[in-house]
Every structure is written in C-alpha cells, then in structure tokens.
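The block underneath contains the structure these notes are about, expressed in structure tokens.
What follows is calculated from the coordinates using simple rules that are stated; it is not laboratory data. Computed from a predicted model, the values in this text were never measured in an experiment. Here Cβ is always computed from backbone atoms with ideal geometry, including for glycine, and neighbour counts include all displayed protein chains.
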Amino acid sequence: MKTKSRILLPVVLMAAMLMSTVSIATAGELLIVSALSEDSIAAPNNRLPNYIVVSVTTADGTPMTGLTATNFKVDPIIVAPGGALVNITDVRSSRLPGFYQLQVVPISTQTWKAGVYIFAVSVTQGVKNGQALTSVTMD
C-alpha cells in the first residue's frame, strides 16, 4: 500500500497544480494598455487639466470601445516635490476606436508643482484588466 501512495501523491499534486494554473488563466482577460501624458495647459501653480491619452485593446488587438471614467484609475506613483494625488475629471473617447483622453487635476485645492510625475494607469472592464505607466514633466 505504501508504494501506491508514493506514486499517487505526486500525481495528485501535479493535478492540483494544473487545475490552479487553469483557474488563474481563466480568472481574467488581459487588456493591452499604453499611455502618454502631456501638460499642454497644466503648469506649476495651476489646477488646469493634465492630459493622459490611453490606448486600450484586448489581447488579440481588438479596440476596447465604450469605456467611461469608472473603467479608469490614475495614481501618481511619483510626484514632483510637494505634489498631490489626482482626480480624473473627464474621459473622452477619441476619433479612433480604443483611444481615450483622460483629464486629471490635483486633488482638493492643490496645484501642480514643477517637476516629474509618473502615473500608473489602470483599466478594468468586467473581468478584463490592464495597466501602464506614463510620465510628464510639469514646467
């Protein structure tokens, strides 16, 4: 009986590992997200919007359309000295499918500070998720 249990244990462990791998792979779907940021009107000491242009496609390259502000999160991981978190104030779809223009402003009554900001951009739509980094220099 010991011989059978020695043989069965590795088989059971291997089956458990394969099952967990399959459940991880099917738990969510990948979104391909890329982002660029530009401070066209945002500048040190003002609260005008900073623009972040985001491209969102499915893993097979199909543009994701119909996304709204609730599908996006923006977190300034690194901020200029004295800088603050941001709020998304507007999300607009672009002329091309799968492209979006986000407008972000500093929280509360904060203003932009001179220096580099690095933003993490996260997109979620149902079980589909993706993320990207972008940076801008406020000057």
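How far, in nm, would the chain grow between Ile41 and Leu85 when pulled straight, counting 0.36 nm per residue and subtracting the alpha carbon separation? Numbers along the way, then the final one.
On the way: separation 44, 0.36 × 44 = 15.84 nm, distance 1.81 nm.
Difference between extended and current length: 14.0 nm.
Which of the trypsin sites (Lys or Arg not before Pro) found in segment 32-108 are in a DSSP loop and have at most 10 neighbouring Cβ atoms, other than their own, within 10 Å? Kindly include the intermediate steps, with their values, before the conclusion.
Details: sites: Arg47, Lys73, Arg92, Arg95; in loops: Arg47, Arg95.
Sites meeting the loop and neighbour criteria: Arg95.
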Open item on the list: Suppose each label sits 7 Å from its Cα in the direction of the beta carbon; what would the Ser93-Gln110 distance come out to in nanometres?
Closed with: 3.2
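For a test of the definition: using alpha carbon positions, the gyration tensor, and the 1.5 limit on a/c, classify segment 54-120 as rounded, prolate or oblate.
Details: a/c = 2.96, a/b = 2.16, b/c = 1.37.
Verdict is prolate for segment 54-120.
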TODO: Count charges around Val123 for me, please; just the other residues with Cβ under 13 Å from its Cβ, Lys/Arg as +1, Asp/Glu as -1.
DONE: 0
